[in-house]
Amino acid sequence: MHLPMRAKVALLGFLASAGHAVGAVELTKADWDEQTAGKTIFVKFFAPWCGHCKSMKPAWDKLMEEYKAHPSILVADVDCIGDGKTKCDEVGIKNFPSIKYGNPNNLEDYTGGRDLPSLQKFAQENLRPTCGPENMELCDVLSQKQLKEYMAMPAEDLNSKIAEQEASIAAAEKEVDELLKSMQKEYEEAKIAKENRLQEIKDSGLGLMRLVKEHRIKLRSDL
């Protein structure tokens, strides 16, 4: 179907007003592997209600448009409240927006500015191909050896090994969370005990003794 130019412009305007940027890529757990395969990525994990996310949206949308046809770099969004929630949970997103970059399976935190010039500069200087099956020459000797072993491994064994490692990570995270909760509880109990002890000391007459001391100093200064 061929649309008149005015209709096309109106349609683009509608999409923009609805929050869909031309060239935008929104990832979910279901299509993550397919969309990111062989690419260095720059991803914004966001929540639609987040004020900071809304503020940087125009700059991020522009960056996505600039890289939409790039063969080895992907700039994308993940909606942590919508279809991307499962992926956000897997990555461990706690704050919005959270921006990460690098290898899709080993992302690093982006801590730079959120304006377009800062994002563009970072992308130009840091979004390069990384070590992986498609870029073996970029890997160190140990990583090359490991990659060759994993690539020769039957799919069932590889999936089993990945699941085992992910389970270990989940167990470690749970252990740390439980330790932090325990430490927090001990801290709160110690804080309450301290406050109670201080109140006991004050109630025993410390405040009144200080008043008497100040009164005597005042009397001497008045002589």
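The values are calculated or read from the model by the stated rules, or taken from the named source; none is laboratory data. This is a predicted model, so every value here is computed, not measured. Ideal geometry is used to build each Cβ from the backbone, glycine not excepted, and the neighbour counts take in all protein chains shown.
With respect to the conditions (1) at pLDDT 95 or above; (2) surrounded by fewer than 21 Cβ atoms within 10 Å (Cβ to Cβ); (3) among the aliphatic types (A, V, I, L, M), residue 75 falls short on a single one, namely (2).
Does region 195-215 contain any residue that is part of a helix (DSSP H, G or I), modelled with pLDDT under 90 and surrounded by 12 or more Cβ atoms within 10 Å (Cβ to Cβ)?
Taking every residue of region 195-215 in turn, at least one turns out to be part of a helix (DSSP H, G or I), modelled with pLDDT under 90 and surrounded by 12 or more Cβ atoms within 10 Å (Cβ to Cβ).
Please work out if residue 155 is surrounded by fewer than 10 Cβ atoms within 10 Å (Cβ to Cβ), closer than 18 Å to residue 105 by Cα and free of Cβ contacts under 8 Å to residues at least 60 places away in the same chain. Yes.
Here's the yes/no breakdown for (1) over 30 Å from residue 138 (Cα atoms); (2) modelled with pLDDT under 95:
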| site | (1), (2) |
| --- | --- |
| 43 | no, no |
| 49 | yes, no |
| 68 | no, yes |
| 86 | yes, yes |
| 93 | no, yes |
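Going through (1) buried (at least 16 other Cβ atoms within 10 Å of the Cβ); (2) farther than 27 Å from residue 176 by Cα; (3) modelled with pLDDT under 95; (4) not hydrophobic (A, V, I, L, M, F, W, C) one by one, residue 34 falls short only on (1).
A residue that is over 17 Å from residue 41 (Cβ atoms), surrounded by fewer than 12 Cβ atoms within 10 Å (Cβ to Cβ) and free of Cβ contacts under 8 Å to residues at least 24 places away in the same chain can be found somewhere in region 95-106.
With the condition kept exactly as written, say whether any residue in region 124-136 is at pLDDT below 90 and part of a helix (DSSP H, G or I). Checking region 124-136: at least one residue is at pLDDT below 90 and part of a helix (DSSP H, G or I).
The single condition from (1) surrounded by 11 or more Cβ atoms within 10 Å (Cβ to Cβ); (2) out of contact with any strand residue (DSSP E or B) (no Cβ under 6 Å at 6 or more places or on another chain) that residue 127 fails is (2). Across region 78-93, the qualifying residues are those that are β-branched (Val, Ile, Thr) and buried (at least 19 other Cβ atoms within 10 Å of the Cβ), and the one among them that is farthest from the chain's Cα centre (by Cα) is 78. From the list 117, 133, the lone residue that is over 24 Å from the mean Cα position of the chain (by Cα) and surrounded by fewer than 16 Cβ atoms within 10 Å (Cβ to Cβ) is 133.
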